[in-house]
4 protein chains.
Amino acid sequence: MRFLSDNAARVCPEVMAALADANQPDGAYDGDALSQRLDAAFSDLFDTPCAALWVSSGTAANALALAAMVQGHQAVICHEEAHIQVDECGAPEFYTGGAKLMLAKGSGAKLDPAGIAAFADTIRTDVHQTQPAALSITNATEYGLVYAPDEVAALGALANARGWGLHMDGARFANAVATLGCSPADLTWKGGVDALSFGFVKNGGMFAEALVFFRPELADATRYRRKRAGHLLSKGRFAAAQILAMLEGDLWLRNARAANAAAAHIANAAGERLLHPVEANEIFLRVTAAESAALRAQGFLFHDWVPGVARLVCSWDQPAAEVEALARAIAGL
Amino acid sequence: MRFLSDNAARVCPEVMAALADANQPDGAYDGDALSQRLDAAFSDLFDTPCAALWVSSGTAANALALAAMVQGHQAVICHEEAHIQVDECGAPEFYTGGAKLMLAKGSGAKLDPAGIAAFADTIRTDVHQTQPAALSITNATEYGLVYAPDEVAALGALANARGWGLHMDGARFANAVATLGCSPADLTWKGGVDALSFGFVKNGGMFAEALVFFRPELADATRYRRKRAGHLLSKGRFAAAQILAMLEGDLWLRNARAANAAAAHIANAAGERLLHPVEANEIFLRVTAAESAALRAQGFLFHDWVPGVARLVCSWDQPAAEVEALARAIAGL
Amino acid sequence: MRFLSDNAARVCPEVMAALADANQPDGAYDGDALSQRLDAAFSDLFDTPCAALWVSSGTAANALALAAMVQGHQAVICHEEAHIQVDECGAPEFYTGGAKLMLAKGSGAKLDPAGIAAFADTIRTDVHQTQPAALSITNATEYGLVYAPDEVAALGALANARGWGLHMDGARFANAVATLGCSPADLTWKGGVDALSFGFVKNGGMFAEALVFFRPELADATRYRRKRAGHLLSKGRFAAAQILAMLEGDLWLRNARAANAAAAHIANAAGERLLHPVEANEIFLRVTAAESAALRAQGFLFHDWVPGVARLVCSWDQPAAEVEALARAIAGL
Amino acid sequence: MRFLSDNAARVCPEVMAALADANQPDGAYDGDALSQRLDAAFSDLFDTPCAALWVSSGTAANALALAAMVQGHQAVICHEEAHIQVDECGAPEFYTGGAKLMLAKGSGAKLDPAGIAAFADTIRTDVHQTQPAALSITNATEYGLVYAPDEVAALGALANARGWGLHMDGARFANAVATLGCSPADLTWKGGVDALSFGFVKNGGMFAEALVFFRPELADATRYRRKRAGHLLSKGRFAAAQILAMLEGDLWLRNARAANAAAAHIANAAGERLLHPVEANEIFLRVTAAESAALRAQGFLFHDWVPGVARLVCSWDQPAAEVEALARAIAGL
């Protein structure tokens, strides 16, 4: 019973069907009819003019977004446990030409405006220090916490006042929207977000993420950088097809709700063991080594996050029986 | 009737089936069972120990291969019309940290050892000039010509004598092998090739190319660079599945033979109009503007390469009727 | 008798005196009084608001200038024999993050607008090709030819129409101005030049060149990039002192006139042997191997440029006797 | 009375004399006789074969040293207050192609092997994290503390065991040697240091630092990278002249001893106010805002390091009267 990673989950049937449907000759790269629909599809979803590009990984989406805002002699402020810092092998540095990530702190990998402002005030503005040009937040965070629209807006106001771009790593954006019940617009551009890495792969897709710019002019150079990075797929229509299928009938939200509900059920059973409230599809559980072993002995697969903490992730297609079994197993520890 | 690009063609049914089969939970990134089989599969195919990585585009494969051999203060020698120079928006420069492409000449985008040696002899070895560290050739070339094993070996001997790595852009490697009837080994490592970008997308795949290192130690750093570039797909098993399906029963060769045969049929009809012999699946045709228009009026889609030359590409699934119709149309010009 | 390179010449006494005068404690980096005077000094000289930064080499000046105008996914158009292409070990690529140099042709390393326009028209604007963002010319050129103000203005008009920045490598800018008798303004910003690498080292300085921006806002990020590149000298006042000494009383022009006059004298003796007219301080001479050897046997040191061509360079302090001796020796060949 | 920075101090007379002596025509770049003597001079000083390159700033020396050891997908471990992290505007990232600096802690900007080992053990070795390839320490540190030979050797043993290069930022290497009374060899290669940025500018030089490789083969590519970075000065003999003058008769040590003695005298007066022991030429003093103001009112210039701490730096030529005056002023607070 896999609770290892939502990356390990299945591709959902609607996406498989869309791939089959797309298997007709069409223009190469993003010259096909499906790719050409993306800008409009996201502009509809977000209720504002957007430029949207498919890419094949969240790492690429994040790095391209940051490269659109930050030059090599500048810096990105992010949480010290942000995915861009600890799990992307330096992709932001690669794409920006060596910009520095400046690492801020905050419980559950969340940043707050006062803390960021204080942190930024310690950076000298002379030429001996790289200057921040973007703030990057993850929603839902690496610990499965969400930023509500007002929290995003407060960070957006700070970024705006300081002249920084605001990037949202939304590998689990769908889970955040599902939890908050807000509109995608409320959680992004209305709060000052300039670029969103909108994840689909963890949520039922195969190999397509969307990089959405709410300042569409940022996409112009990005289209060249995407090609230059080898991310302009030859048969891009298959990437576009996945994304359009996920948007169709709000499949992205339905899948996320399913994953969140599974996590919530387990969280209920975990009670005091939870390291953080469960606000998306990830559960961080305080367990002893013996308890960890006991869970594994019952067939549950999961990551040891740090000693004493297990990470369990629910997928869009997590079988109800597995969820129930895990909830009981945790309750029975 | 599309003769625009093999990128525009369908994904072949075996690959679609393999994607469906792979749609089970498994390890993320390249931790799945299919990805773990790649090294062995290519070692078998090439009859030598190989390290093989899937990537999602030929541009990424090329750029990663070059970055494994060349540092920023060095250079790559390639043809002035090589794909890495004219169609990848500077990807080699990006991945190598700014290495220079040194552009050599040769008919049909083919390079010959004497010409390259003479070219290289004009490069001063002082620190004011970047020094070549790799030679990159394309087989089949951008004009659909093939390097035979002895031609590769002659270039390999030169590269070896000069201390350069040898990279082969094999976006149409399958077409070259199909034409030559040689073994994959004969056309690569036996002739001194260190790294091969082995293309599958133009040949029936969806989004998977293989980067094959015949000096497996070159893959070690490349695995980090692939991640850093955002090319380590979250659900990598779907990339591996495509490649394995293409290798199964030599599907890659069958598809290439089909495309080549279609092109050969058209070439027969073209006679003196051919800019180059047709040795793969591309046809470069001398046509007047009026002739071009006449072909288009009959429903044929193709690229105007340069004024007076049309490029027509046959796919693995080019319908026989379309091939026959085109052959007749050309003959009738 | 050295005619090898103006880099090999002495530092002129006024510069040595300025270094001695500057040897008092003052602010570090560019916080000293001398460095703070540079913007005003160049604004006066050029009769327009300028931002001017000292750097320690022409290569650094050129690369920083280009990095202010060109991003990694873009390109610089320059002559195929430009110093930035053949003598800087890829510095432009390093500083721009891997931009491509697109190489144009022209006699004597001079570019002309019609040729550049035709060349640029061959570049596709799709995302598969890097797009030019700057044109770089050298004045005087690598062959000692000068662009007159109207020639600069014609290239400036082209650059402006295409949206490119215009950079002038002025390692021998002083020699060009001395020859043309125009104002520094006429040869630069009035003709559309955005950034000038103004050379002093070849002309009597020790280790200071000026990077002059005629769009002063380009200097803002450059100040950070200069530090990041290690070119913000700890004791920058010694760099500023040299430049200010060279500007004082038009020493830069006097030195250049001396070097030019020496070259002109030799050119007179050379007649038909000249590969190009001598318009600055460099002479390219057609000589057989035997003639070359004969000159060397008489004690003259110079570079073999290519087989059959010798390069002879006159310095600001070239002794009159050496000049006369060389003129006679050439006449006597 | 300036205690702001040793960068603000005078160039010492022996260096000025050496510049005058070097003002004869000679080979350009590093082709002159003086530059060609550097390898031997440092090999003598360190009693082992060295390769030594002049560069014009410590930032360039540090960044080139790191680039010789670390690729873009790798990382450098250094102190969180190391100069390379907080005062070089991202130069290491620029030169390495975007390597990450991993920031460790330690009092007085000193690192200890146990702490570094524990820190390094938290880095996963999978491809999602950049892997350390070098350890960089500063001797004397940014707080004026020294690593003794056995401390260097312990870090060297750790670096060796982990496969990391060891770089020493020796902007104040002379001060450290002067304090410790050890041999330069004891403090460097005998303890496992691979590359040393040997500072001269803070110690009486004008614009020359030495980058010394104890694994001479590391210099081969660095010579190209130095040119590529614009740090191969046209008239390099003037850089070499300074360094050779500083080595002559151990001028470097005499100057450092003078600066250290001045600092020691002030430290004696400072007693409990010292933030750290004074082991080189820097004094970090606990002062209230009122005390700070009182010192300034008496004519002392210095940096406010952080609130409550003043930094005072003594130069090689700090007048005895100023030193005495400062000691009294501090005692009288």
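The values are calculated or read from the model by the stated rules, or taken from the named source; none is laboratory data. On a predicted model such as this, the values are computed, not experimentally measured, just so you know. Every residue, glycine among them, receives a Cβ derived from its backbone with ideal geometry; neighbour counts consider all protein chains shown. For accessibility, only protein heavy atoms count, side chains too; no ligands or nucleic acids. Shrake-Rupley method; radii C 1.70, N 1.55, O 1.52, S 1.80 Å.
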Segment C:38-108, dipole about Cα centre (Lys/Arg Cβ +1, Asp/Glu Cβ -1), debye to the nearest 20: 240 debye
Amide proton proximity set for residue C:279, modelled H, under 5 Å, gap of 5+: none
Segment D:235-333: Kirkwood hydrodynamic radius (Cα pairs, Å) comes out at 14.5 Å
extent check for segment B:12-249: Cα max minus min per principal axis, descending, whole Å, gives 56, 37, 29
So how do C:275, B:218 rank on accessible area, 1.4 Å probe, biggest first, that is with the largest at the start? C:275, B:218
Other copies of residue D:125: label-to-label distances in nm, shortest first, labels 7 Å along the beta-carbon direction: 3.8, 4.7, 5.3
Work out the length of the dipole vector of segment B:284-333 about its Cα centre, built from +1 on the beta-carbon of each Lys and Arg and -1 on the beta-carbon of each Asp and Glu, and round it to the nearest 20 debye. 160 debye
Keeping all protein chains in position, work out how much accessible area residue A:190 exposes to a 1.4 Å probe, and write it in Å² to the nearest 10. 120 Å²
Most mobile of B:107, B:43, B:56 in a GNM of chain B (Cα contacts under 10 Å): B:107
Would you work out if segment D:139-247 is rounded, prolate or oblate? Take a ≥ b ≥ c from the square roots of the eigenvalues of the alpha-carbon gyration tensor; rounded if a/c is under 1.5, else prolate when a/b is larger than b/c, oblate otherwise. oblate
Given a 10 angstrom Cα cut-off, can you work out which residue in A:78, A:314, A:182 is the most mobile in a GNM of chain A? A:182
Give me the percent of accessible area attributable to carbon and sulfur for segment B:12-249, probe 1.4 angstrom. 51 percent
Please state the Cα pair-distance histogram of segment C:1-63 with 10 angstrom bins from zero: what percent is in each bin? 16, 35, 39, 10, 0
In whole angstrom, how far apart do the alpha carbon centroids of segment A:1-72 and segment C:10-54 sit? 54 Å
Interchain or sequence-distant (5+) residues whose placed amide H lies within less than 5 Å of the amide H of residue D:166 are D:135, D:194, D:195
Descending accessible area (1.4 Å probe), largest on the left, turns C:1, D:69 into C:1, D:69
Starting from the residue with the highest accessible area, list B:227, C:202 in decreasing order, probe 1.4 Å. C:202, B:227
If the only charges are +1 at each Lys and Arg Cβ and -1 at each Asp and Glu Cβ, what is the size of the charge dipole of chain D around the Cα centre, to the nearest 20 debye? 460 debye
Please name the residues of segment B:50-92 whose accessible area, counted over protein heavy atoms with a 1.4 angstrom probe, falls by no less than 50 Å² between the chain alone and the full protein assembly. B:73, B:87, B:89
For chain B, percent of DSSP beta bridges that are antiparallel (nearest 5) comes out at 45 percent
In square angstrom and rounded to 100, what buried accessible area do you get between chains A and B, total over both, with the probe at 1.4 Å? 3900 Å²
Given backbone amide H placed at 1.01 Å from N, residues whose amide H is under 5 Å from that of residue C:101, ignoring those fewer than 5 places away on the same chain, are C:76
Where the label is 7 Å out from Cα toward Cβ, how close does residue D:307 come to the same position in every other copy, in nm, shortest first? 3.7, 7.2, 7.5
Normalised alpha carbon radius of gyration of the protein assembly as shown [divisor 2.2 N^0.38 Å]: 0.96
Of the listed pairs A:235/B:227; B:105/C:105; A:190/D:100; A:105/C:235; B:100/C:190; A:227/B:227, those with alpha carbons more than 26 Å apart are A:190/D:100; A:105/C:235; B:100/C:190
Area of residue B:81 that stays accessible when all protein chains are in place (1.4 Å probe, Å², to 10): 70 Å²
In sequence order, calculated HN-Hα J values of segment B:203-217 (Karplus, 6.51, -1.76, 1.60; Hz; x Gly/Pro): 10, x, x, 9, 8, 10, 10, 10, 9, 10, 9, 8, 10, x, 5
Label geometry 7 Å along the beta-carbon vector: residue B:33 inter-copy distances in nm: 3.9, 7.6, 8.0
With every protein chain present, what accessible area does residue D:194 have (1.4 Å probe, heavy atoms only), rounded to the nearest 10 Å²? 20 Å²
In whole Å, how far is the Cα centre of segment B:138-171 from that of segment A:259-311? 54 Å
Which values, in whole Å and largest first, are the semi-axes of the equivalent ellipsoid of segment B:107-168 obtained as the square root of 5 times each eigenvalue of the Cα gyration tensor? 22, 12, 10
Residue among C:272, C:322, C:93 with the largest mean-square fluctuation in a Gaussian network model of chain C, springs linking Cα atoms under 10 Å: C:272
Kirkwood hydrodynamic radius of segment C:62-157, Cα pairs, Å: 13.5 Å
If I compute solvent accessible area with a 1.4 Å probe over the protein chains, what percent of it on segment D:252-331 is carbon and sulfur? 59 percent
